[in-house]
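The values are calculated or read from the model by the stated rules, or taken from the named source; none is laboratory data. None of these values were measured; they are calculated from a predicted model. Using ideal geometry, Cβ is built from the backbone for each residue, glycine included, and neighbour counts are taken over all protein chains shown.
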Amino acid sequence: MKKNIAKDNGKLLSGICFALIIGFWCVATYGGLVSDLFLPSPTEVARKIVDMAKDGSLWANCWESTARVLVGWIWSVIVALPVGMLMANSRKFCAFIQPIIEFARYLPVVALVPLTLLYLGIDETQKYTIIFLGTFFQLVLMVCDTVSGVDQNMINAAKTLGSSKWQIYKEVIFPAALPGLMDDFRLTIGWAWTYLVVAEMVAASNGLGYMILKSQRYLATDTIFAGLILIGLIGLITDWIFRILTRIVAPWQERLGDKK
């Protein structure tokens, strides 16, 4: 009962927050406090989204951007998961690779765009690589930290029972770390969306990031806001999907808010 009330209160507060933001937006635009050039009204943005939906560009751009984000992010997960787990369980491997990871994660991804264009050309692989580079190095360290937090007593108990290294990884470490890993994945796919504009800033002819950058040239702020809102909505949907998936694949997780 208390959990349901807490959830209802949380939804109510979230709704109030969104209502306040939209309210301030309406006051600033309909009240004439800010020029349409800098801040278009909700009506103008909604009209622009409807127009794009009618001519088909909305769905095409959303699909292209979502596909790029997913492919680049999935690449990073496939590589970062085993590397991060090895770093957490092997001091020698961690000592070998961690300095490289620490160095690379501070490099601004936008500065790597010229090199990726030189090495990979202007096709989709270059865009996937930008998103990969923007998420991989952070995700490796997050996976390492999450796996390192697994209770050592559980691992020692498995060793005592004669489990092999593979069995320990499969039956103990991975299930214990899975709730935290799902949170790591949920956070980094959000970062992947932030690198979308960087990935689409050069040699792209579609996508939400491309749409925003193109609109900047013509001061089409209604289109810019439409693109930002669409990215935010897709991000919210993605976040919601990950929360549902976490409950499905790791039902044994226990959070602080669930205890109340």
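With respect to PHE242, is the statement that it is touching a residue at least 60 places away in the same chain (Cβ under 8 Å), surrounded by 14 or more Cβ atoms within 10 Å (Cβ to Cβ) and touching a Lys or Arg at 6+ places or on another chain (Cβ under 6 Å) true? It is true that PHE242 is touching a residue at least 60 places away in the same chain (Cβ under 8 Å), surrounded by 14 or more Cβ atoms within 10 Å (Cβ to Cβ) and touching a Lys or Arg at 6+ places or on another chain (Cβ under 6 Å).
Would you check if there is a residue in region 95-112 being closer than 15 Å to THR194 by Cβ, assigned to a helix (DSSP H, G or I) and of a type in the set (D, E, K, R)? Checked against the condition, which is being closer than 15 Å to THR194 by Cβ, assigned to a helix (DSSP H, G or I) and of a type in the set (D, E, K, R), region 95-112 yields no hits at all. Among the criteria (1) surrounded by 15 or more Cβ atoms within 10 Å (Cβ to Cβ); (2) out of contact with any Ser or Thr (no Cβ under 9 Å at 6 or more places or on another chain), the one LYS159 does not fulfil is (1). Given TRP166, TRP252, which one is over 15 Å from the mean Cα position of the chain (by Cα), closer than 22 Å to VAL83 by Cα, hydrophobic (A, V, I, L, M, F, W, C) and surrounded by fewer than 20 Cβ atoms within 10 Å (Cβ to Cβ)? Exactly one of TRP166, TRP252 is over 15 Å from the mean Cα position of the chain (by Cα), closer than 22 Å to VAL83 by Cα, hydrophobic (A, V, I, L, M, F, W, C) and surrounded by fewer than 20 Cβ atoms within 10 Å (Cβ to Cβ), namely TRP166.
Figure legend. Inter-residue proximity from region 57-69: first residues free of Cβ contacts under 8 Å to residues at least 24 places away in the same chain, second residues hydroxyl-bearing (Ser, Thr, Tyr) and part of a helix (DSSP H, G or I), beta-carbon distance below 6 Å, spacing 6+ or different chains. No pairs are indicated. Checking ALA177, ALA204, ALA192 one by one, the residue that is crowded, with 21+ Cβ neighbours inside 10 Å, under 28 Å from ASP36 (Cβ atoms) and touching a residue at least 24 places away in the same chain (Cβ under 8 Å) is ALA204 and no other. Against the conditions (1) under 15 Å from the mean Cα position of the chain (by Cα); (2) among the polar types (S, T, N, Q); (3) modelled with pLDDT of 90 or more, THR146 satisfies every one except (1). With LYS127, LYS92 as the choices, which residue is basic (Lys, Arg), under 19 Å from the mean Cα position of the chain (by Cα) and assigned to a helix (DSSP H, G or I)? Selected residue: LYS127, the only one of LYS127, LYS92 that is basic (Lys, Arg), under 19 Å from the mean Cα position of the chain (by Cα) and assigned to a helix (DSSP H, G or I).
Only helices (runs of 4 or more DSSP H) whose full extent lies in region 168-260 are considered here, and the ones with at least 1 residues that are more than 18 Å from THR66 (Cα to Cα) and modelled with pLDDT of 85 or more are 174-194, 208-217, 221-249. May I ask you to verify whether TRP166 is within 22 Å of GLY134 (Cβ to Cβ) and among the aromatic types (Phe, Trp, Tyr)? For TRP166, the condition - within 22 Å of GLY134 (Cβ to Cβ) and among the aromatic types (Phe, Trp, Tyr) - is not met. When we screen SER90, SER65 for residues that are crowded, with 19+ Cβ neighbours inside 10 Å and assigned by TED's automatic domain parsing to the domain that holds PHE185, the only hit is SER65. Inspect all residues belonging to region 216-229 and state whether any of them is under 13 Å from the mean Cα position of the chain (by Cα) and assigned by TED's automatic domain parsing to the domain that holds VAL147. Within region 216-229, not a single residue is under 13 Å from the mean Cα position of the chain (by Cα) and assigned by TED's automatic domain parsing to the domain that holds VAL147. Being modelled with pLDDT under 90, more than 26 Å from the chain's Cα centre (by Cα) and exposed (fewer than 12 other Cβ atoms within 10 Å of the Cβ) is a property that does not hold for LEU39.
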